[in-house]
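Engineer: Please read through the structure below; I'll follow up with questions.
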């Protein structure tokens, strides 16, 4: 079990008991419109149960953001493969009622430092939609650098969207040799 404690939040392993809180915070079009299509909308109790069946089985790359004892969002990363095996794509979301409080910035910092310290990750990167200014600010405040603009690189709800590329490099990385 993972528990990374900050001042504003805790980043921790999912629990099956998180289902109701997950539905409360995830079932929101203003959250879903900024995420990949695999994040359902509407977000139902069945979606929460199916997600937690996998995520609550000690998946160290997919974690809950907890505030005041409740799971109010998620943060995680997907390790790269082959020549990108030392990179990982990070993603996150937070219930809209908690936006603007520095919670995700803190959670991203906690997760990034944890991944750098506990795994052999050289580079963490994110690809927020270019019109998601809040996410871009989160990444910048968490020490990520904007590296580029990927024009017409995605389609969400039938709309062509640009994406930004942000990354943070592990200054203590070694290749193990």
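Engineer: Given the conditions (1) over 27 Å from residue 161 (Cα atoms); (2) touching a strand residue (DSSP E or B) at 6+ places or on another chain (Cβ under 6 Å); (3) assigned to a helix (DSSP H, G or I), which single one is not true for residue 71?
Structural biologist: (3)
Engineer: Within region 113-172, restricting attention to residues that are touching a helix residue (DSSP H, G or I) at 6+ places or on another chain (Cβ under 8 Å) and assigned to a strand (DSSP E or B), which residue is farthest from residue 33 (Cα to Cα)?
Structural biologist: Ranking the qualifying residues of region 113-172, first place goes to 168.
Engineer: crowded, with 18+ Cβ neighbours inside 10 Å, touching a strand residue (DSSP E or B) at 6+ places or on another chain (Cβ under 9 Å) and modelled with pLDDT under 95: does that describe residue 55?
Structural biologist: Numbers: crowded, with 18+ Cβ neighbours inside 10 Å: yes; touching a strand residue (DSSP E or B) at 6+ places or on another chain (Cβ under 9 Å): yes; modelled with pLDDT under 95: yes.
Answer is yes for this residue.
Engineer: Moving on to the next point. Quick check on region 101-117. Is at least one of its residues farther than 19 Å from residue 167 by Cα and over 15 Å from the mean Cα position of the chain (by Cα)?
Structural biologist: yes
Engineer: Would you point out the residue of region 74-92, among those that are in contact (Cβ under 8 Å) with a residue 12 or more places away in the chain and farther than 15 Å from residue 142 by Cβ, that is surrounded by the fewest Cβ atoms within 10 Å (Cβ to Cβ)?
Structural biologist: 78
Engineer: Turning to a different aspect of this structure: Of all the residues that make up region 39-73, how many are free of Cβ contacts under 8 Å to residues at least 40 places away in the same chain and under 22 Å from residue 99 (Cα atoms)? Walk me through how you get there before you give the answer.
Structural biologist: Residues of region 39-73 that are free of Cβ contacts under 8 Å to residues at least 40 places away in the same chain, as a first pass: 40-54, 57, 61, 68-69.
With under 22 Å from residue 99 (Cα atoms) added as a condition, the list becomes 40-44, 48, 68-69.
Residues in region 39-73 being free of Cβ contacts under 8 Å to residues at least 40 places away in the same chain and under 22 Å from residue 99 (Cα atoms): 8 in total.
Engineer: How about region 74-99: which of its residues are farther than 24 Å from residue 15 by Cβ and either in a strand (DSSP E or B) or in contact with a helix residue (DSSP H, G or I) (Cβ under 9 Å, 6 or more places away or on another chain) (or both)?
Structural biologist: Quick first cut of region 74-99, residues farther than 24 Å from residue 15 by Cβ only: 80-87, 89.
Matches in region 74-99: 87, 89.
The values are calculated or read from the model by the stated rules, or taken from the named source; none is laboratory data. Given the structure is predicted, the values throughout are model-derived calculations rather than measurements. Backbone-built Cβ (ideal geometry, glycine too); neighbour counts: all protein chains shown.
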